[in-house]
């Protein structure tokens, strides 16, 4: 994991059927391609997990069995995401402990190898920049910076929220002289 200012990267987020990469599945992958600090492209797909989406997951992200019916399976969705991301540095909130565990598991199962991309976890950046905050969830950071949290818990909306949070965290790192 790296902590530094990036102007070119792919910010991504997942929605899943639960919290365990051992037993749960990806049901949405979204990403933003950022060049020169500006979003230049978007990627978003629902994913059919091949089993019933638990009520608890649907109650959080709003994704239902009917919505994923006919969507790509994870092999196709993952290949499309990997092609979109290329060799870009990946950025996301809590990706080290959550999103990358799902992505790397599926990459090993489908591609036979992990994806090698370096990454920036905005949760780790927030912990370093904002030790005074009691919570550094994406929602708490959005609130802290006055960023709308509308549409949260859908992957593409979370990507856009996280991009704004990351921009604020970059300024925070510069102001606090944290950037290496």
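Collect the residues in region 103-122 that are more than 21 Å from residue 47 (Cβ to Cβ) and either in contact with a helix residue (DSSP H, G or I) (Cβ under 6 Å, 6 or more places away or on another chain) or crowded, with 20+ Cβ neighbours inside 10 Å (or both), keeping them in residue-number order. Across region 103-122, the qualifying residues are 120, 121, 122.
Residues in region 80-102 that are over 11 Å from the mean Cα position of the chain (by Cα), surrounded by fewer than 20 Cβ atoms within 10 Å (Cβ to Cβ) and in a loop (DSSP other than H, G, I, E, B): 3 in all.
Test residue 115 against the stated conditions and say whether it is over 17 Å from the mean Cα position of the chain (by Cα), more than 24 Å from residue 177 (Cβ to Cβ) and either part of a helix (DSSP H, G or I) or in contact (Cβ under 8 Å) with a residue 12 or more places away in the chain (or both). Before you say what the answer is, go through the steps one by one.
Values: over 17 Å from the mean Cα position of the chain (by Cα): no; more than 24 Å from residue 177 (Cβ to Cβ): yes; either part of a helix (DSSP H, G or I) or in contact (Cβ under 8 Å) with a residue 12 or more places away in the chain (or both): yes.
For residue 115, the condition - over 17 Å from the mean Cα position of the chain (by Cα), more than 24 Å from residue 177 (Cβ to Cβ) and either part of a helix (DSSP H, G or I) or in contact (Cβ under 8 Å) with a residue 12 or more places away in the chain (or both) - is not met.
When region 118-164 is examined, which residues are found to be closer than 18 Å to residue 176 by Cβ, assigned to a helix (DSSP H, G or I) and in contact with a strand residue (DSSP E or B) (Cβ under 7 Å, 6 or more places away or on another chain)? Of everything in region 118-164, just one residue is closer than 18 Å to residue 176 by Cβ, assigned to a helix (DSSP H, G or I) and in contact with a strand residue (DSSP E or B) (Cβ under 7 Å, 6 or more places away or on another chain), namely 122.
Free of Cβ contacts under 8 Å to residues at least 60 places away in the same chain, surrounded by 17 or more Cβ atoms within 10 Å (Cβ to Cβ) and more than 14 Å from the chain's Cα centre (by Cα): is that true of residue 40 in this structure? Before the answer, list the steps.
Working: free of Cβ contacts under 8 Å to residues at least 60 places away in the same chain: yes; surrounded by 17 or more Cβ atoms within 10 Å (Cβ to Cβ): no; more than 14 Å from the chain's Cα centre (by Cα): yes.
Judged against the criteria, residue 40 is not a match.
Only residues that are more than 24 Å from residue 152 (Cβ to Cβ) and assigned to a loop (DSSP other than H, G, I, E, B) were counted across region 35-51, and they come to 3.
Among the residues of region 1-19, the ones that are in a loop (DSSP other than H, G, I, E, B), surrounded by 16 or more Cβ atoms within 10 Å (Cβ to Cβ) and modelled with pLDDT of 95 or more come to 1 in all.
Residues are listed down the side, and each one gets a yes or a no for (1) free of Cβ contacts under 8 Å to residues at least 60 places away in the same chain; (2) over 18 Å from the mean Cα position of the chain (by Cα):
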position	(1), (2)
65	yes, yes
120	no, no
123	yes, no
130	yes, yes
136	yes, no
140	yes, no
145	yes, yes
151	yes, no
154	no, no
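Before we move on, is residue 32 buried (at least 21 other Cβ atoms within 10 Å of the Cβ) and either at pLDDT below 95 or in contact with a helix residue (DSSP H, G or I) (Cβ under 6 Å, 6 or more places away or on another chain) (or both)? Against the criterion (buried (at least 21 other Cβ atoms within 10 Å of the Cβ) and either at pLDDT below 95 or in contact with a helix residue (DSSP H, G or I) (Cβ under 6 Å, 6 or more places away or on another chain) (or both)), residue 32 qualifies. Does residue 22 fit the bill of being in contact (Cβ under 8 Å) with a residue 24 or more places away in the chain, in a loop (DSSP other than H, G, I, E, B) and exposed (fewer than 15 other Cβ atoms within 10 Å of the Cβ)? Considered against the rule, which asks whether it is in contact (Cβ under 8 Å) with a residue 24 or more places away in the chain, in a loop (DSSP other than H, G, I, E, B) and exposed (fewer than 15 other Cβ atoms within 10 Å of the Cβ), residue 22 comes out as no.
The values are calculated or read from the model by the stated rules, or taken from the named source; none is laboratory data. Just so it is clear, the model here is predicted, and its values are computed rather than measured. Note that we place each Cβ from the backbone using ideal geometry, even for glycine, and neighbour counts take in every protein chain shown.
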